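Q: Mind looking over this structure? Questions follow.
The values are calculated or read from the model by the stated rules, or taken from the named source; none is laboratory data. In this text, all values refer to a predicted model and were calculated from it rather than measured experimentally. Positions of Cβ are backbone-derived with ideal geometry, glycine not excepted, and every protein chain shown enters the neighbour counts.
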Amino acid sequence: MHIEIKGATYEPQTPDEHIRGISLLLPVQERGGFVFLIAYTKKENADSELLLQTLMDQARRLAESFGKEANPQHRFEQFLGALNETLAEHVREGRWHIPIEHLHALVGIASSTEMYLSGTGELVALFLHKKPSQRYQIFNLFRGLQTEQSLPTWEKPFAVVLDGDLHPGDVFCITDKDLQRIIPPDELNQILTSLPSVGAVEKIRQYFSHKDGLLLTVLKVSDEVPSYQAVQGRTAVPQSNLSVEALNTTQETTDRLLDDQRHSLSIFFKKILSYLQSKSGNRSSRLLNDLQSRGGIKDLTMRIGRTAWRLLSIGAKYTTKQTSRALHVLKNKEERTRVKTHLQLKQRSLQGGLRSLLSRVRATPASTRYLVGGIGIAVVVLVIGISVISKSQARAQQEEAYQEQLTAIEDLMERAAGAVIYK
């Protein structure tokens with residue numbers, strides 16, 4: 001068993017995703033480590049491209065020339081000396097005109113049990129050290145670089161070197177984003193310590209929009225477990241039955257969750273029916289209790305019958321009265337004439353009111369009519385637009401919540417499919 005360093009850096013996934021700088025992670029095969037570089041400039045132009053290309057070329061030379069017998073500390077100090085001299089010479093020759101304050105870069109090497117790094121500008125370099133108590137101690141190493149470094153100049157932009165030992169469980173994260181402000185600290189620590197390097201990079205990327213550029217590199221130090229492991233003369237035997245049972249249970253749970261989220265009318269009506277049945281059951285039980293406390297069903301039936309008889313009597317009396325009045329009007333000629341005259345007067349009054357309103361509208365200037373009509377149309381359009389926007393926003397929120405739940409379920413299925421239990 002020996003210490004192994006694993007690393008991952010984020011690469012753009014779509015053409016729309018714009019990266020404002022470079023994120024480089026180069027393996028050092030003979031030393032079992034990596035050379036890492038993250039750099040960007042405040043403004044993007046031809047000068048910044050030349051500067052970033054120079055940094056990339058120097059980092060590649062370091063990775064290619066870092067031999068198995070080389071001393072990491074001496075080799076890294078030689079590299080920084082050559083890098084500072086190259087940058088200063090290019091500035092003196094006028095190859096670029098970029099203020100040193102506009103350069104933000106960090107370069108370093110992690111090899112076996114040692115790490116060396118140097119930087120300038122504003123970046124985030126989180127180092128999570130795993131203590132013997134299995135708890136993590138968190139440092140932002142870039143603040144140490146800023147504290148010890150005086151005002152940077154092009155004569156020596158990388159002036160301070162930080163070094164330290166690496167232990168199993170340590171995690172190193174370099175980025176241009178303030179992750180501790182964007183991601184809750186507990187979630188960020190859980191992501192970096194529990195997920196592998198590639199998984200941690202992908203998970204952190206989900207906290208940013210697709211068009212938001214991200215520079216991110218994660219290194220993790222772990223114990224490499226040999227492929228063959230003997231325990232008291234026996235090899236590890238996989239408990240396939242336990243794995244299959246766990247996988248089947250997880251799949252059943254996932255199917256049930258997917259059914260709950262699937263848009264199905266039958267499921268919707270079943271839920272409504274069960275809800276009504278539960279409510280009706282509760283109400284019927286309360287009704288029976290009330291009946292038992294008040295004397296039983298017989299008394300209730302008698303009270304309902306008496307109430308219904310009273311209602312029928314009142315309705316019959318009212319119907320008889322109105323019918324007799326109508327017959328009296330039909331038989332009496334004077335009454336018929338009076339009713340007819342009354343209806344004609346009401347009709348004439350209504351027609352007169354309509355004519356008066358129409359004449360007022362016609363007398364109104366055309367500009368006023370157009371203005372009122374335009375205001376009315378604008379109000380109608382505004383009401384319809386607000387209604388459509390509110391409905392679309394609600395639909396989008398529901399769809400987003402639905403997609404998030406599906407993503408969580410798919411992650412659960414992937415973890416279950418890869419589960420293998422050993423005894």
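So that you can scan it fast, the table gives a plain yes or no per residue for (1) more than 27 Å from Q206 (Cα to Cα); (2) in contact with a helix residue (DSSP H, G or I) (Cβ under 9 Å, 6 or more places away or on another chain):
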{"site": "D16", "(1), (2)": "no, no"}
{"site": "I19", "(1), (2)": "no, no"}
{"site": "V35", "(1), (2)": "no, yes"}
{"site": "Q53", "(1), (2)": "yes, no"}
{"site": "R60", "(1), (2)": "yes, no"}
{"site": "L80", "(1), (2)": "yes, no"}
{"site": "I98", "(1), (2)": "yes, yes"}
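Q: Something else now. Quick check: is even one residue across region 83-92 in contact (Cβ under 8 Å) with a residue 12 or more places away in the chain, basic (K, R) and either closer than 15 Å to A59 by Cβ or surrounded by fewer than 14 Cβ atoms within 10 Å (Cβ to Cβ) (or both)?
A: Scanning region 83-92 turns up no residue that is in contact (Cβ under 8 Å) with a residue 12 or more places away in the chain, basic (K, R) and either closer than 15 Å to A59 by Cβ or surrounded by fewer than 14 Cβ atoms within 10 Å (Cβ to Cβ) (or both).
Q: With respect to R135, is the statement that it is loosely packed, with under 13 Cβ neighbours inside 10 Å and either within 33 Å of the chain's Cα centre (by Cα) or among the aromatic types (F, W, Y) (or both) true?
A: Answer is yes for this residue.
Q: Within region 91-106, can one find any residue that is among the basic types (K, R) and within 21 Å of L26 (Cα to Cα)?
A: No, region 91-106 contains no residue that is among the basic types (K, R) and within 21 Å of L26 (Cα to Cα).
Q: For Q53, all conditions in the list (1) in contact (Cβ under 8 Å) with a residue 60 or more places away in the chain; (2) farther than 24 Å from D170 by Cα hold save one; what is the number of the exception?
A: Unmet condition: (1).
Q: A follow-up question, please. Looking for whichever is among the aliphatic types (A, V, I, L, M), touching a Gly at 6+ places or on another chain (Cβ under 8 Å) and modelled with pLDDT under 90 here; the options are L117, L145, L106. Which one fits?
A: That would be L145, the only listed residue that is among the aliphatic types (A, V, I, L, M), touching a Gly at 6+ places or on another chain (Cβ under 8 Å) and modelled with pLDDT under 90.
Q: Going by the structure shown, is T320 more than 30 Å from Q206 (Cβ to Cβ), polar (S, T, N, Q) and in a helix (DSSP H, G or I)?
A: Criteria met by T320.
Q: Looking only at region 174-211, count how many residues are exposed (fewer than 14 other Cβ atoms within 10 Å of the Cβ), farther than 24 Å from R143 by Cβ and within 17 Å of the chain's Cα centre (by Cα).
A: 5
Q: Regarding region 409-420, can at least one residue be identified that is modelled with pLDDT of 75 or more, surrounded by 10 or more Cβ atoms within 10 Å (Cβ to Cβ) and either among the hydrophobic types (A, V, I, L, M, F, W, C) or outside any loop (DSSP other than H, G, I, E, B) (or both)?
A: For region 409-420, residues modelled with pLDDT of 75 or more, surrounded by 10 or more Cβ atoms within 10 Å (Cβ to Cβ) and either among the hydrophobic types (A, V, I, L, M, F, W, C) or outside any loop (DSSP other than H, G, I, E, B) (or both): present.
Q: So, in region 72-106, how many residues would count as being assigned to a helix (DSSP H, G or I) and either of a type outside the set (D, E) or under 22 Å from S48 (Cβ atoms) (or both)?
A: 23
Q: Okay, moving on. Go through region 360-379 residue by residue and tally those that are surrounded by 10 or more Cβ atoms within 10 Å (Cβ to Cβ) and either on the phi > 0 side of the Ramachandran plot or modelled with pLDDT of 80 or more (or both).
A: 11
Q: Another question, then. Scan region 22-73 for residues that are under 35 Å from the mean Cα position of the chain (by Cα), exposed (fewer than 13 other Cβ atoms within 10 Å of the Cβ) and over 19 Å from A88 (Cα atoms) and jot them down.
A: K43, N45
Q: Also, quick follow-up: Could you please find all residues in region 110-132 being within 14 Å of V171 (Cα to Cα) and hydrophobic (A, V, I, L, M, F, W, C)?
A: Matches in region 110-132: A110, M115, V124, A125, L126, F127, L128.
Q: Follow-up. Can you confirm whether region 21-31 contains a residue that is farther than 25 Å from I204 by Cα and in a strand (DSSP E or B)?
A: yes
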